[in-house]
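Asks: Before we start, here is the structure in question, set down as structure tokens.
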């Protein structure tokens, strides 16, 4: 299949669907293990939003008509913002528990489990944010890429590093979200748009706070 034919098919929605489903499984498993844990998020709101997002992404056929695609995109944007708000709220609650010495943070295993699910939730939420907004979203990036993107991927800057017609897909934004959460700064992808710079700054600050406080508390618990 040539590049033009592949582009006409649009970007597959299965990678983000699988990523959300994996996180749903982890989130629900933690809730079963920690039924009273409030550090993760508002009870069951986040899993419900995640399931709704999975349905929207599964229904979002890249080859569907423009009107239906716009409706599904608006629904997906609302759900992504809901996931992002829930992830940030979970971070605030976890940090409050760590600072005040809540009893839920006194158990090392539960502390690391809660901190990990909050940390992973931020990666997923910000990755979806970057994926759905960069250069107008996956449908626009595939069929009519903009001249000035919101993120500069090296494959687009140097034609020798990728085949003609290359465009980022969800896995690239998931990697971007992971690197921002671990390096606290851009790595191989540079934010160009102001909203992208602000979003990465918030993600880096949140991740730094979570990692720093969880590690400090864990050292105190295990020592």
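Asks: Just to confirm my numbers, what's the Cα centroid distance between the range 176-206 and the range 117-149 in Å?
Replies: Using only Cα atoms, the two centres lie 12 Å from each other.
Asks: Say a paramagnetic label sat at a point 7 Å from the Cα of residue 185, along Cα to Cβ; which residues of the range 152-179 have their backbone N under 19 Å from it?
Replies: 152-154, 176-179
Asks: Please list, in order, the residues from the range 73-111 whose amide nitrogen is less than 18 Å from a point placed 7 Å along the Cα→Cβ vector of residue 205.
Replies: Those under the cut-off are 84-96.
Asks: Relative contact order for the range 79-223 using alpha-carbon pairs under 8 Å, separation at least 6, rounded to a whole percent?
Replies: 30 percent
Asks: Could you check the spin-label model distance between residue 48 and residue 166? Points 7 Å from the Cα along Cα→Cβ, value in nm.
Replies: Computed distance between label sites residue 48 and residue 166 equals 4.3 nm.
Asks: Working out 0.36 nm times the residue gap between residue 78 and residue 106, then minus their Cα-Cα distance, what length gain in nm do you get to one decimal?
Replies: 6.5 nm
Asks: Turning to a different aspect of this structure: Is the shape of the range 95-150 best called rounded, prolate or oblate, per the rule: a/c under 1.5 gives rounded, else a/b larger than b/c gives prolate, else oblate, with a ≥ b ≥ c the square roots of the Cα gyration tensor eigenvalues?
Replies: It comes out prolate by the Cα gyration axes.
Asks: Assuming 0.36 nm per residue, please report the length gained on full extension of the stretch residue 157 to residue 70 beyond their Cα-Cα distance.
Replies: Gain on stretching residue 157 to residue 70: 28.4 nm.
Asks: Let's test the formula: R0 of 30 Å, r as the Cβ-Cβ distance of residue 99 and residue 18. What FRET efficiency results, to the nearest 0.05? Numbers along the way, then the final one.
Replies: Values: r = 35 Å, r/R0 = 1.18.
E between residue 99 and residue 18, to the nearest 0.05, is 0.25.
Every number in this text was worked out from the coordinates using simple rules, so none of it is lab data. Only a predicted model underlies this, so the values are computations on that prediction, with no experimental measurement involved. Virtual Cβ from ideal backbone geometry, glycine too; neighbours counted across all protein chains shown.
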